Amino acid sequence: MSDNQTKKNSLAKIIITLIVILSILGGLIFGGVYLWGKRPWRTAVSVNGRILTAGELELRAIMLLEDAKKTQNLIVPKAREGVMLEHYRIEAARKWIIKEVLLLEAVLRGYEATPEDEHRAFTRLTRKLSARKMTVDAYFKEGALPEEIKRRDFRETLLIEKFTTAEISEKISLPTKEINDRVDKLKKAALIATKPGEKPKMRWDRKFAIDQLRSERYREDFIKMFRDLFPKSKVKSPLYPKLETLEYVSPSTVQKIKISNEDLKKLATKPIGIALQKKIMGATNKVEKVETGIKVPKAKDNGKAATSGK
């Protein structure tokens, strides 16, 4: 073999070796960048300096998905799990932002959750869990989120409930005429939907009407308050930049109740049940919960106007 051929072979080996080394380095660099982008401790969302990590967001998304499977009988094909989980990541981030915006305002206005408040909240939770034959400790240990985070969420939600109850619920006043009008609308819908010889299946009593109206008013006032508070907070979301805008975070607005003569004619031409009443009346037979999970307190009718009952 000539010296030239030997040099060519040596050069070819060097080139091949360099290519292999560069390929390995490229793979390591690409893999490193990919893994760095997936690190669980990176910031997913921050509100006023408080951070929700990508790792915690993932756990919250899993919790929402699992809850939907249980409460809504949601069935997710394996091929769609990734898409659904991404949907719940965004939803979990949105809920967290709402919570943090309200929490800051509650603290700034001097609201505090006292030991008595916590005791009452634990008592309510205990009664609620008794139907599932579950203890409070077991509840906090259940699910994807660590117990410490679930207990923290519980305390923060309690403070937000105290804030929204004082600033929204207790300030709601319903004129008697508005209550009477709602009772009349409910009664018309119930009677039209009832077949001859049957008892009405829909509720149209005064208490139900008041609960509907209070739920709607609460939601409207809640949305208005949140829209006023959101610009005061510093929201950053490297993973979902759209969530930095009010448009993508704010709870949806409530459509006002309207029952036209055309709607009543449609009711008269087909048998309808409670589900359709919910759709037409735009309300439920239970006091509604806002996106944060905050309950809307019910009110008593004092004969003149329905207020907080104070």
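Quick notes on this one:
- Inter-residue pairs, beta-carbon under 6 Å, first crowded, with 20+ Cβ neighbours inside 10 Å and in region 199-214, second among the basic types (Lys, Arg), 6+ apart: Ala209/Arg182; Asp211/Lys298; Leu213/Arg182
For (1) outside any helix (DSSP H, G or I); (2) surrounded by 12 or more Cβ atoms within 10 Å (Cβ to Cβ); (3) of a type in the set (A, V, I, L, M, F, W, C); (4) touching a Cys at 6+ places or on another chain (Cβ under 7 Å), each residue gets a yes or a no:
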{"residue": "Gly55", "(1), (2), (3), (4)": "no, yes, no, no"}
{"residue": "Ile62", "(1), (2), (3), (4)": "no, yes, yes, no"}
{"residue": "Glu66", "(1), (2), (3), (4)": "no, yes, no, no"}
{"residue": "Lys70", "(1), (2), (3), (4)": "no, no, no, no"}
{"residue": "Arg80", "(1), (2), (3), (4)": "no, no, no, no"}
{"residue": "Leu85", "(1), (2), (3), (4)": "no, yes, yes, no"}
{"residue": "Lys95", "(1), (2), (3), (4)": "no, yes, no, no"}
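- Any hit, region 200-218, residues being of a type in the set (Val, Ile, Thr) and not in a helix (DSSP H, G or I): no
- Note on region 48-65: residues that are in contact with a Ser or Thr (Cβ under 6 Å, 6 or more places away or on another chain) and of a type in the set (A, V, I, L, M) amount to 1.
- Test for Glu100: is it within 22 Å of Phe222 (Cβ to Cβ) and either modelled with pLDDT of 85 or more or out of contact with any Asp or Glu (no Cβ under 7 Å at 6 or more places or on another chain) (or both): yes
- Per-region count, region 97-110, residues assigned to a helix (DSSP H, G or I) and without any contact (Cβ under 8 Å) to a residue 60 or more places away in the chain: 4
- Members of region 72-130 found to be closer than 26 Å to Gly49 by Cβ and of a type in the set (Gly, Ala, Ser), listed by number: Ala92, Ala93, Ala106, Gly110, Ala113
The values are calculated or read from the model by the stated rules, or taken from the named source; none is laboratory data. Because the structure is a prediction, the values reported are computed rather than measured. Note: ideal-geometry Cβ built from the backbone for every residue, glycine included; neighbour counts use all protein chains shown.
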